[in-house]
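Here is the structure we will look at.
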Amino acid sequence: MTMKGWWGRILRVDLTNNKVWVQEYPEEVAKKFIGGRGLAAWILWNEAKNVDPLGPENKLVFASGPFNGLPTPSGGKMVVAAKSPLTGGYGDGNLGTMATVHLRKAGYDAIVVEGKAKKPVYLYIEDDNVSILSAEGLWGKGTFETERELKKIHGKNVGVLSIGPAGENLVKYAVVMSQEGRAAGRPGMGAVMGSKKLKAVVIKGTKEIPVADKEKLRELSQEAYNAILNSPGYPFWHRQGTMAAVEWTNENSALPTRNFSDGSFEFARSIDGYTMEGMKVKQRGCPYCNMPCGNVVLDAEGQESELDYENVALLGSNLGLGKLNEVSVLNRIADDMGMDTISLGVSIAHVMEAVEKGILKDGPTFGDFKKAKELALDIAYRRGELGNLAAEGVKAMAEKLGTHDFAMHVKGLEVSGYNCFIYPAMALAYGTSSIGAHHKEAWVIAWEIGTAPIEGEKAKKVEYKITYTPEKAAKVIELQRLRGGLFEMLTACRLPWVEVGLSLDYYPKLLEAITGVKYTWDDLYAAADRVYALIRAYWVREYNGNWDRKMDYPPRRWFIEGLKSGPYKGQHLDEKKYDELLSEYYRLRGWDERGIPKKETLQKLGLEEVIPELEKVTKLE
Amino acid sequence: MVRIKLMGAFAHLAGARELEVKIDGKKKVDELLRELIPRYDEFKDKIIMINGKPARGDAEVEDTDELKVMPVLSGG
């Protein structure tokens with residue numbers, strides 16, 4: 001192997017046949033798809049065709065990128081991907097974990113798991129030695145205890161990925177967890193792992209990762225780490241991390257409140273970053289990160305719970321819960337059981353609204369912590385009718401109950417922490433995200449508020465107006481290229497850039513120092529566009545060509561209701577204007593009016609091999 | 001008095017979450033905040049509101065106005 005920065009090696013595991021082997025992949029693929037999400041999308045496109053997401057034929061991919069295992073700013077991430085049991089399309093998520101460091105040091109860029117074990121197992125990887133071991137003693141345990149037990153056996157110097165009871169019980173939004181608070185794979189990657197009877201992956205790597213220019217890498221990283229520490233926003237970031245967002249989303253009518261029926265919460269102050277500061281007992285971070293954001297508090301039951309904004313918005317204000325120590329209990333349960341906090345919050349909120357409207361007879365109502373907690377556990381263990389129903393996610397619930405008007409999801413994935421009654425660009429970001437309604441790819445809301453049109457001589461006399469200008473579509477794409485493309489492929493955390501303003505110029509330079517390959521910004525954007533087109537092609541193929549632009553619509557609630565309170569009371573999105581904005585998005589992407597990449601776009605992006613396969617299910621323009 | 005509500009890192013840097021400042025006549029928001037918040041100009045993305053409505057840094061405030069300013073952080 002002559003490549004630098006990439007090993008060009010994927011560890012393959014077949015649990016049905018107890019087989020393990022190493023697949024080498026071509027340099028051309030490494031250069032085109034870089035790693036992480038890019039590599040995962042390439043693998044799933046080629047291998048997970050028309051599969052049952054919870055069947056043995058689905059492929060579960062743990063993909064690292066060139067940044068991982070090396071001293072790069074916040075470069076301790078890993079992507080976990082599979083065909084999603086929640087959405088039926090492409091699913092992935094990233095987490096910060098020592099497992100990515102050890103995976104790369106063990107000599108692999110990714111692991112692909114297929115098949116299904118007869119009894120619960122876990123994988124133990126120590127460089128070239130890979131064992132499939134019994135996990136019967138671990139099955140049923142929470143993710144915290146599972147990781148502790150595995151570290152007792154294999155020592156502390158390992159990376160561990162595991163699932164909890166939610167993954168074992170195939171909760172559709174079960175995630176893969178690491179280090180008691182890091183989660184990946186909102187669209188049910190934990191359920192895919194559970195369906196394979198794979199409880200955990202433990203990795204220990206001791207090799208040296210081949211790097212093109214070690215000295216340059218060291219120099220650039222040192223400079224970037226210093227720039228992060230010297231940023232004016234750093235001291236406050238260190239205090240509150242993403243929890244600071246509660247205050248400003250609440251101020252801007254964007255804080256999800258009572259199943260997204262409103263954008264500000266009367267008890268926001270008691271769940272915000274300042275309240276969290278008073279409860280904080282420690283701070284956790286990901287490998288190679290010098291701006292750790294995992295704020296650990298003691299919850300109402302005296303247990304540690306690691307909070308961030310999304311957890312608190314969706315399990316707090318969105319459930320009408322205004323006590324942070326109670327919200328922290330729900331968050332800790334979600335992490336320990338291995339459930340996505342966002343989807344769990346939105347699913348419970350959906351139940352609460354259905355109960356309040358008399359559609360469901362029994363169950364929690366907004367503000368009822370005790371019953372919310374019971375339901376969270378019922379979901380994880382799939383206990384009872386309600387637990388089982390809510391474990392399927394909001395889309396399935398809406399189909400069963402006829403509650404589409406308040407079903408907060410896109411393509412089956414529940415909406416994360418931004419309420420968009422007055423934010424069309426953010427709604428477009430949710431509509432067109434690669435996995436469903438997630439903010440990680442185009443968090444455009446700040447730009448949207450900051451650049452709101454100000455007319456007239458005296459700016460202060462002018463109202464914020466909801467606008468649908470074409471620049472909004474362009475901005476969503478620009479952010480998707482960076483956040484959903486570049487960072488997800490590297491695989492690095494975007495927060496140094498987003499939160500403390502680290503210059504983007506570091507990233508291509510670091511990538512070149514690691515791999516020896518010079519990427520221009522045009523190259524990086526093309527790689528991102530390639531991944532977006534491939535993932536969209538994946539969705540269309542898996543939906544057997546039954547695809548139209550409505551798939552890229554945000555939840556109906558944002559069109560048909562208005563905000564209930566605040567300065568923008570009564571305002572909401574306009575469906576026709578959103579549709580026009582969506583057309584602009586497609587035009588800029590080179591996709592047709594259904595939202596399917598055109599032939600010439602696929603050719604331009606070097607995805608010729610995708611064309612014949614897509615043509616089997618639909619006619620391409 | 002101009003009442004100023006500072007959020008996030010601005011509150012940290014200014015050492016206060018709320019301030020009241022006496023100004024004579026009118027003053028541009030950026031000029032006012034530069035005096036109160038160390039390293040103010042190093043923040044690229046910020047939201048400014050005057051009397052509850054969005055504004056830019058070059059908008060002018062006068063003595064009875066209420067100003068809110070926040071650097072924007074994402075939720076993860």
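Each value in this text was obtained by applying a stated rule to the coordinates, not by laboratory testing. Predicted model only: the values in this text are computed from it and were never measured. Cβ atoms come from the backbone with ideal geometry, glycine included; neighbour counts cover every protein chain shown.
Comparing B:Val29, B:Val21, B:Val61 in a Gaussian network model of chain B where C-alpha atoms under 10 Å apart are linked, the largest mean-square fluctuation is found at B:Val21. A DSSP coil position with no more than 13 other Cβ atoms inside 10 Å describes none of the chymotrypsin sites (Phe, Trp or Tyr not before Pro) in chain B.
Taking N as the residue count of the protein assembly as shown, its C-alpha radius of gyration divided by 2.2 N^0.38 Å amounts to 0.91.
Below 8 Å, C-alpha to C-alpha, sequence gap of six or more: please give me the relative contact order for chain A in percent.
Computed over chain A, the figure is 15 percent.
Neighbour counts of C-beta atoms inside 10 Å place B:Ile50, A:Ile359, A:Ile163, A:Ile153 in the sequence A:Ile153, A:Ile359, B:Ile50, A:Ile163, starting with the fewest.
Given R0 = 56 Å, the distance between the Cβ atoms of A:Arg594 and B:Glu18 translates into a calculated FRET efficiency of 0.60. Membrane-span-like helices of chain A, defined as complete DSSP H segments with a Cα extent of 18 Å or more along the helix axis and a mean Kyte hydropathy of at least -1.0, are identified as A:214-229, A:324-337, A:341-356, A:521-542.
Where does the charge balance sit around A:Asp368 when Lys and Arg score +1, Asp and Glu -1, over other residues with C-beta under 11 Å from its C-beta?
Residues near A:Asp368 contribute 0 overall.
The A:Glu478 and A:Glu219 beta-carbon pair, evaluated with R₀ = 35 Å, returns a calculated FRET efficiency of approximately 0.75. Label positions at B:Asp41 and A:Glu145, each projected 7 Å from the Cα along the C-beta direction, are separated by 5.9 nm. For chain A, adding -39500 (n - 2.57) for each run of n ≥ 4 DSSP H residues and dividing by the number of residues yields -11500 deg cm²/dmol at 222 nm.
What does the charge count near A:Gly545 come to, summing +1 for each Lys or Arg and -1 for each Asp or Glu among other residues with Cβ under 12 Å from its Cβ? Around A:Gly545, the surrounding residues sum to 0.
Where does each of A:Met98, A:Met78 land when they are ranked from fewest to most other beta-carbon atoms within 10 angstrom?
Ascending number of Cβ neighbours within 10 Å: A:Met98, A:Met78.
Full extension of the segment from A:Glu609 to A:Ser131, taken as 0.36 nm per residue of separation minus the current Cα-Cα distance, would add 168.5 nm. Computed on the range A:500-621, with alpha-carbon pairs under 8 angstrom and 6+ residues apart, the relative contact order is 26 percent. Restricting attention to chain B, lysine pairs at least eight places apart or on different chains and with alpha-carbon atoms under 19 angstrom apart total 21.
With neighbours defined as other Cβ atoms within 10 Å of a residue's Cβ, the residues A:Met276, A:Met3 order from fewest to most as A:Met3, A:Met276. In a shell of Cβ-Cβ distance under 12 Å around A:Lys619, excluding A:Lys619 itself, what net charge do Lys and Arg (+1) and Asp and Glu (-1) give? Surrounding charge for A:Lys619 is +1. Selection among A:Tyr124, A:Asn169, A:Ser134 by position relative to the dipole of the range A:78-177 gives A:Asn169 as farthest towards the positive end (Cβ unit charges, Cα centre).
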